[in-house]
Every structure is written in C-alpha cells, then in structure tokens.
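Novice: Quick one: the structure is below, and I'll ask about it shortly.
The values are calculated or read from the model by the stated rules, or taken from the named source; none is laboratory data. Model, not experiment: these values are computed from the prediction. Cβ sites come from the backbone with ideal geometry, for glycine too, and all protein chains shown count toward neighbours.
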Amino acid sequence: LGGAKIQMIYADSESKPEKGVAEAERFINTEKVNVLTGCWNSAVSYPVSAVAERYGIPFIVPVSVADKITEQGFKNVFRIAAKDSWWTRDQFAFMKDMEKEFNVKVSTVALVYENGDWGKGFAEGWKKLAQQGGYKVVMDEPYPSTSTDLSPVVQKIKRANPDVLFLTSNAADAILLTNTMAEYKVKPKAIIASGGGHADPSFLKAAGKNAKYLFDIVEWETDVNKPGADKTNEKFKKLYGYNLAGESVDAYAAMYVLVDALERAKSLDPKALRDALAQTKLSSGPAMIVGYDAIEFDASGQNKQAALVMVQVNDIGKGMERITVWPKVSRRANYKPVFPTP
C-alpha cells in the first residue's frame, strides 16, 4: 500500500449500545472507514457487530468477551480475546488444581456479578460448571455496577459463608466490594475475580492491602515471560503512568493483526481485508507479547489460540503486586500461591 499510514478515528460509546451503533454507522457512512475496532463493553460490541456485518466492514473486537458476539454466524467479526466461557472454564480448572495442590476441599461457591451482559455471561458459565463439578451454589447475586453502596450484597456474602467467592466487576464496584468486604471481615477460602475492574490499574491503588490474596483471571500480566513484553510495558507506562493490562495488550495486538492483514490483502477493499483477516496466523512480531503462541481465527471469527492466566495479589517485599500463579508452567519462579486465605 505504498507505505500508507493507518489513521485512527475515535468515538466514545459511553458504554451505551445505542450510542455505539450510531457512531459505527457514522464511521461507515460519513467517515468512510475501512475497518472498525472496539468496543469495551460486550453490550455495545454485540449490536455494533450487526452494523459491521450489514455493511460488510471488518470489525476487530479486542476485548469484549460475551460468547454470543462470535456465535451469530457473521463473516466480518474477529475477536482477539478469549471468550466468556473460556474464562469461567479456566477459573474452575484453576480452583480444582488448587484443591489438588493444597489438599483443600471446596464444597460451596457464591456468585456475585455486575448485571450487564458481561456479568450475566460469566454467571451462566459458573452455574453450569458448579453443577458439573458437584459444587453447591449458596448465593447467586447480580448487582448494578453503578451502585454506590454494596454493603447489602456484602452482608449476604457473609451470611452465605461460601468456600469460594466468584466475582465479575467493573473498576469502581470492584474497589467498593473489596473495601466493604474488608470492613465486614468477609474471608472465604478464596476470592476468584474475572479481570475487568479487578485488573484495572486503579483497583490495586484504591483497594491496597484489602486485596491481599485475591486471585484474578486475566489474559496477561507484566511478569509474563514473552520477548518484548517488558519493553512494550515500559513504553506504555511512560505514556500513561501505569502498566499494561490484558485489555490494553489485546487492543495493541489488534493493531498488528490489522497491519498483517493489510500487508497480505494489499488492498483497502473490505472484502479482501475480511478474507485476509480470516486467514490470519500471526506468531511473530510485536503482537506476540500476548500470553500465548499465536493469533489465529476459527470459522466464527474467534481467536482459537487465546489463553488465560491466573494471578494472585500479594506483597512479597515490594508492595502489593499481581503475581502469575497458574497454569503452573507460567508461575513466577519461587512463588508459592497462598491458598486457602489465612
């Protein structure tokens, strides 16, 4: 393409589906874009995917995880992140591995989640997996993530007294829940969070020692053992003042997936670009700071190589930090997870 530069045009959906749809329509009809990428929320990405499909414009979804986004039979949607059901699958696999490794029995689980598409998607997976694994669900509680007081939810958790508490929260509610649980002295054997707000850099700053021993499933952590990861993180930190998170890494990788497809398509034609994206098999270059080996889409547009890691929040001498603990092969050297919570 003669050294053409990619021009980024931004719009804020404000987490509103109707705003996301309107902006996608504007981008396609007025700005005449060749490709769309976004959105943060599954509740926005889902209707926007239908807009992209209707116009035949490729839509690269870096971070939205609701399964249904890539289960509509669409040809123009390509997701980088692991989907919801893979996150819950791996949360339960991790819990089982911890039971085995530490010889600790888990019998009861509580499910607490924000009441949007993202939280509900996780809850469906948890319920299925709990039933399959013989775990008793002692609490199933959606809540609005805009809540300014979550003490009624925390009191319910205390009464339910689960062995393990599963959480799906955005940043403000993750902070509020964690600090309120500390106030009410709620201490299950383990708290297993779902990335999102718990992985947001603001979370550790605001929750501090109240987050100690919390487990969080993410796509990526700064201690990931991948070439270029530390240098990219340094550059990012210099720009924004905080570390890369899984979501930023997915968005970063999405740009290199697009560059790779453009190079192979040798065209800005949306159909040629779509076909090139469908044939992606990216296993080298800057995008490979992701925590797995390649980016490759299946027929539904899902990145079939996407994988997850579990971290634990702990202070091992340098203040509260996130430490990769699972899968065992990715565990930070010389770190032993703390399970159950003392």
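Novice: Only one of these conditions is not met by residue 70: (1) closer than 23 Å to residue 123 by Cα; (2) over 15 Å from the mean Cα position of the chain (by Cα); (3) not assigned by TED's automatic domain parsing to the domain that holds residue 267; (4) not hydrophobic (A, V, I, L, M, F, W, C). Which number is it?
Specialist: All conditions are met except number (3).
Novice: Return the total of residues in region 81-115 being more than 30 Å from residue 255 (Cα to Cα), under 20 Å from the mean Cα position of the chain (by Cα) and not in a loop (DSSP other than H, G, I, E, B).
Specialist: So in region 81-115, the residues more than 30 Å from residue 255 (Cα to Cα) come out as 92-113, 115.
If we keep only those that are under 20 Å from the mean Cα position of the chain (by Cα) as well, we get 92-95, 111-113, 115.
Applying the additional criterion that residues be not in a loop (DSSP other than H, G, I, E, B) yields 92-95, 111-113.
Count: 7.
Novice: What residue, of 333, 299, 307, is assigned to a loop (DSSP other than H, G, I, E, B), surrounded by fewer than 19 Cβ atoms within 10 Å (Cβ to Cβ) and under 17 Å from the mean Cα position of the chain (by Cα)?
Specialist: 307
Novice: Can you tell me which of 64, 45 is of a type in the set (S, T, N, Q), assigned to a loop (DSSP other than H, G, I, E, B) and either in contact with a His (Cβ under 7 Å, 6 or more places away or on another chain) or assigned by TED's automatic domain parsing to the domain that holds residue 269 (or both)?
Specialist: Details: 45 fails: assigned to a loop (DSSP other than H, G, I, E, B).
On inspection, the qualifying residue turns out to be 64.
Novice: Which residue, of 83, 75, 105, is surrounded by fewer than 20 Cβ atoms within 10 Å (Cβ to Cβ), closer than 30 Å to residue 134 by Cβ and touching a helix residue (DSSP H, G or I) at 6+ places or on another chain (Cβ under 7 Å)? Steps first, answer last, please.
Specialist: Values: 83 fails: surrounded by fewer than 20 Cβ atoms within 10 Å (Cβ to Cβ); 75 fails: closer than 30 Å to residue 134 by Cβ.
Answer to the check: 105.
Novice: Return the residue satisfying two criteria in turn: it lies in region 200-245 and is touching a residue at least 60 places away in the same chain (Cβ under 8 Å) and part of a helix (DSSP H, G or I), and of such residues it is farthest from residue 65 (Cα to Cα). So that I can check it myself, show each step before the final result.
Specialist: The initial filter retains those residues of region 200-245 that are touching a residue at least 60 places away in the same chain (Cβ under 8 Å), namely 204, 208-209, 211-229.
Then drop every residue that is not part of a helix (DSSP H, G or I), which leaves 204, 208-209, 211, 229.
On the way: 204: 23, 208: 27, 209: 29, 211: 24, 229: 23 Å.
Taking the candidates together, the pick is 209.
Novice: Return the residue satisfying two criteria in turn: it lies in region 158-175 and is in a helix (DSSP H, G or I) and touching an Asp or Glu at 6+ places or on another chain (Cβ under 8 Å), and of such residues it is nearest to residue 134 (Cα to Cα). Reasoning before the result, please.
Specialist: Applying the first criterion (in a helix (DSSP H, G or I)) to region 158-175 yields 158-160, 171-175.
Filter once more, so that each one left must be touching an Asp or Glu at 6+ places or on another chain (Cβ under 8 Å): 171, 173-174.
On the way: 171: 31, 173: 30, 174: 28 Å.
Of everything passing the filter in region 158-175, 174 is nearest to residue 134 (Cα to Cα).
Novice: Under the condition of being among the hydrophobic types (A, V, I, L, M, F, W, C) and in contact with a strand residue (DSSP E or B) (Cβ under 9 Å, 6 or more places away or on another chain), which residue from region 235-260 is modelled with the lowest pLDDT? Break it down into steps so the answer makes sense when it comes.
Specialist: From region 235-260, those among the hydrophobic types (A, V, I, L, M, F, W, C) are 236, 239, 244-245, 249, 251, 253-255, 257-259; that's our starting set.
So of that shortlist, the ones also in contact with a strand residue (DSSP E or B) (Cβ under 9 Å, 6 or more places away or on another chain) come out as 245, 251, 253-255, 257-258.
Working: 245: 87, 251: 97, 253: 97, 254: 98, 255: 98, 257: 98, 258: 98.
Filtering first and then ranking leaves 245.
Novice: Residues 223, 216, 163: which one is surrounded by fewer than 20 Cβ atoms within 10 Å (Cβ to Cβ) and acidic (Asp, Glu)?
Specialist: Values: 216 fails: surrounded by fewer than 20 Cβ atoms within 10 Å (Cβ to Cβ); 163 fails: surrounded by fewer than 20 Cβ atoms within 10 Å (Cβ to Cβ).
Only one candidate passes the filter, namely 223.
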